[in-house]
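Beneath this line is the structure, given in structure tokens, with notes to follow.
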Amino acid sequence: MTSMVQPEAASVVPDVERRRRRPRMNLARLADAGLTTLLAIGLLLLAEHASNEEWVSRLILPTPSSVWDALYAGFSEGIYWKHIRSTVGSTLVGFGIAAVTATIVGGLLSASQRVERVFFPFIVAFQTLPKIAIAPIIILWLGFGTQSKVVIIATICFFPMLVNTLQGLRIRDRERLELAQSLGASRWQLFRYIRLPDSLPYVFAGLTIGIVFALIGTVIAEFLGSKSGLGVVLIQQQAAFNVPGMYAALVLLMIVGLVLNFVTKYIERRVVFWANDLTNVAS
Amino acid sequence: MATSEPSGGEQLAAGLVNARLAVLTASAVSKRYQSQDGGLVDALTASNFQVADGEFVSLVGPSGCGKTTLLKMSSGLIAPTHGEVTYRDTGRAVQPGAFGMVFQSPALLPWRTVGKNLLFPHDILRLDKSSASERIDELLDMVNLPGVRDRYPNELSGGMQQRVAIARSLMHAPDLLFMDEPFGALDAITREELNLSMQRIHSTSGTTVMFVTHDIAEAVFLSDRILVMSARPGRVVEIIEVDLERPRHLDSRTSAEFREIEMHIRHLLHPETVHAEAAS
């Protein structure tokens, strides 16, 4: 008996070790990051020069330094914080409402294949409609204000998240299903122990898309009529012909987007660390 | 080696035990599917056999001969069109939870550690988990994977994952184990290791095993009896008793008796090809 144990045991250890080793890509990655930074600095210097020399009209391309000055002035006068808070706040509230609703609706729709089949055409119809087009009607219903802003945001980011949740809740692994059946799993057990956890990579891919859509929704809602938010700043600066001010608002929106995206990705990695095909899922 | 003709109603498996000890009794089971174009396809024509307590029985045959269909009907996961496979003296199919299942893919839950994966049957069957921890260690030892309890499946190789799947299938101490080409996706060396382990697991646990494979040597190595099947229509053509001494070793496969059984099955599976090759 012992003679047959050894070859098996020998195969166990190296396998585990091999899989735990970190990739040795760090140095190459660092070099790439350096190149990216250099390229960014180079482009900024080029823009500065091009604008100074008026190769390009300053209405189109303000000097990066004037954008920086606008940003500096905006922060030192304290006018940005209110708008950033408003934009981030409504984005998160709208996104949160949509995410919770999408998960619940997705869970309910997927309860039976029949229900999903009956409702799916509606989802497709709404998904094909550019949700931005609904914004004027929502404003007509709810007036200008936070309420309509949040509803617009939620509407815009709801469908991509719903579709991903539905996709995730589908049973993709036939043998897993048969395993559960062989143990006599109930529908609820199948949902709780297999479909729900298995859907998480898809749900998170949906959230990552959703947060981007939510920010788009926020800016549109702010364009259409709002008292505060970075979209409002953008419109005000446009009215004042202040091009550096508009670029400053764009930079702030970009930073907000990056931070929101980073936070979502971070949570995703913590929760669905076990999924090794995250990038494939996101499509 | 003893063989028997399974068809013809009364005749049951070779040299089998009285019916009281039979874990499974298949009487004239058949399965007919409706194909895509509306026609009827006989996946399996009337088959009779029995599986005795503690026995290791393999189903061997070409693809499309209904091996998996027969296995699933035996486990009650799909219903036969005619006939029945009854479990012990219950007069009906084996009930979910009374058997274990191993597939070609490990079908582990990647979000659970190995230990938690082994607890899956307990979760579904709502079993008492107080002694489960010791059982996990015991089974991981049995499948030769000590110390992987807190690892996640994607940290393990394919062969190790399949060992975990085997351990999981035994967690709830099932009376019967159904294995559907469990080593089909593994490389030859890993497969040999797992064949050795499987033999040991079978003798240690004493569980009755029904095993689907299309590897003839694997079937001969592991089995007490082999149901040889043929395709179009799928049917059991012969039941072969493998009376090689146990425990068998990898070397046993080169013995004359082993080869004789292997060749016999090969002839049954594709008579034309074997003869043609021999003639050339």
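What follows is calculated from the coordinates using simple rules that are stated; it is not laboratory data. Just so it is clear, the structure is predicted and the values come from calculations on it, not from any experiment. Here the Cβ is made from the backbone with ideal geometry for all residues, glycine too, and neighbour counts use every protein chain on show.
Taking amide H atoms as placed 1.01 Å from N in the peptide plane, the amide H of B:Ile78 lies under 5 Å from those of B:Met73, each 5 or more residues away in sequence or on another chain.
Relative contact order of chain A, please, whole-number percent, based on alpha carbon pairs below 8 angstrom and at least 6 residues apart. RCO, chain A: 22 percent. Compared with the alpha-carbon gap, the fully stretched path from A:Ala111 to A:Ala33 is longer by 23.5 nm at 0.36 nm per residue. The listed peptides A:109-122, B:145-158, ordered by packing as a protection proxy, come out as B:145-158, A:109-122 (highest mean of other Cβ atoms within 10 Å first).
For region B:174-280, what proportion of DSSP beta bridges, expressed in % and rounded to the nearest 5, is antiparallel? Just about 55 percent of them are antiparallel.
Taking amide H as placed 1.01 Å from N in the peptide plane, B:Val102 has its amide H under 5 Å from the amide H of B:Phe178, B:Met179, B:Asp180, each at least 5 places away in sequence or on another chain.
Go ahead and run the numbers for FRET between B:Leu21 and A:Ile104, Cβ-Cβ distance against an R0 of 56 Å, rounding to 0.05.
0.60
Based on Cα atoms of region B:52-110, Rg over Rh with Rh as the Kirkwood radius reads 0.98.
The 3J(HN,Hα) values that the Karplus relation (6.51, -1.76, 1.60; θ = phi - 60°) gives for region B:171-188 are, in residue order, 3, 8, 6, x, 6, 9, 10, 9, 10, 9, 6, x, 10, x, 9, 9, 6, 4 Hz. Gly and Pro appear as x. A crude spin-label estimate for the pair A:Val259 and B:Ser131, with each label 7 Å from Cα along the Cβ direction, gives 5.7 nm. Counting only DSSP beta bridges with both residues in the protein assembly as shown, the antiparallel share comes to about 55 percent.
Global size of chain A: 25.0, 87 Å for Rg and Dmax (C-alpha atoms, Rg to one decimal, Dmax whole). Report summary: the helix-based calculation at 222 nm, which adds -39500 (n - 2.57) for every DSSP H run with n ≥ 4 and divides by the residues of chain A, gives -26500 deg cm²/dmol.
The packing ranking, built from the mean of other Cβ atoms within 10 Å per residue, places the peptides B:30-37, B:236-243 in the order B:236-243, B:30-37, highest first.
So if each residue of separation counts as 0.36 nm, and I subtract the Cα-Cα distance between A:Phe144 and A:Leu43, what length gain in nm does that give? Mind dumping the intermediate values first?
On the way: separation 101, 0.36 × 101 = 36.36 nm, distance 3.99 nm.
Using 0.36 nm per residue and subtracting the Cα-Cα distance, I get 32.4 nm.
The base-10 log of I(q)/I(0) for region A:192-283, evaluated at q = 0.11, 0.12, 0.22, 0.25 Å⁻¹, reads -0.45, -0.51, -1.01, -1.19 [Debye formula, identical scatterers on Cα atoms, solvent excluded]. Ordering A:221-233, A:185-197, B:178-190 by mean Cβ neighbour count within 10 Å, with the highest value first, yields A:221-233, B:178-190, A:185-197. Modelled this way, with points 7 Å down the Cα-to-C-beta line, the labels at A:Val56 and A:Trp68 are 1.8 nm from one another. Computed from point charges on the beta carbon alone (+1 for Lys and Arg, -1 for Asp and Glu), the dipole magnitude for region B:109-198 about its Cα centre is near 320 Debye. Its relative contact order, with pairs defined as Cα atoms under 8 Å and 6+ residues apart, puts chain B at 26 percent. As a calculated quantity, the FRET efficiency between A:Lys227 and A:Phe126 at R0 = 22 Å, using C-beta atoms, amounts to about 0.15.
Residues within the reach of a label modelled at A:Glu77 (point 7 angstrom out along Cα to beta-carbon, backbone nitrogen below 17 Å), restricted to region A:199-229, are A:228-229.
If I fit a long axis through the Cα atoms of helix A:80-109 and take the longest principal axis of the Cα atoms of chain A, what angle between them do I get, 0 to 90°, rounded to 10? Helix A:80-109 and the main axis of chain A meet at about 30 degrees.
Among the residues of A:171-181, the average count of other protein chain beta-carbon atoms within 10 Å of the residue beta-carbon is 5.
Ranking B:Thr68, B:Pro247, A:Gly106 by how far each Cα lies toward the positive end of the dipole of the protein assembly as shown (charges on Cβ) leaves A:Gly106 at the top. With a 10 Å cut-off around each Cβ of B:121-128, the average count of Cβ atoms from other chains is 3. Convex hull volume of the C-alpha atoms in chain B, normalised per residue: 155 Å³.
Computed over region A:89-131, the quotient of the alpha carbon radius of gyration and 2.2 N^0.38 Å is 1.36.
Note on region A:72-155: the alpha carbon radius of gyration divided by the globular reference 2.2 N^0.38 Å gives 1.47. Angle of helix A:113-128 to the longest C-alpha principal axis of chain A, folded into 0 to 90 degrees and rounded to 10: 20°. Spread over its residues, the convex hull of the C-alpha atoms of the protein assembly as shown is 238 Å³ per residue.
How shielded is B:192-201 by partner chains, expressed as the average number of their Cβ atoms within 10 Å of its Cβ atoms? Write out the running numbers ahead of the final one.
Values: counts 1, 6, 1, 0, 5, 3, 0, 1, 4, 0.
Counting other chains' Cβ atoms within 10 Å and averaging over B:192-201 gives 2.
Think of chain B as having a plus end and a minus end, set by charges on the Cβ of Lys, Arg, Asp and Glu; of B:Gln50, B:Ser223, B:Ile78, B:Ile78 sits farthest toward the positive end of this dipole.
Placing one equal scatterer on every Cα of region B:12-135 and applying the Debye formula, the log10 ratio I(q)/I(0) at q = 0.21, 0.23 Å⁻¹ is -1.21, -1.31. Tilt of helix B:132-142 relative to the longest C-alpha principal axis of chain B, in degrees (0 to 90, nearest 10)? Its long axis makes an angle of about 50 degrees.
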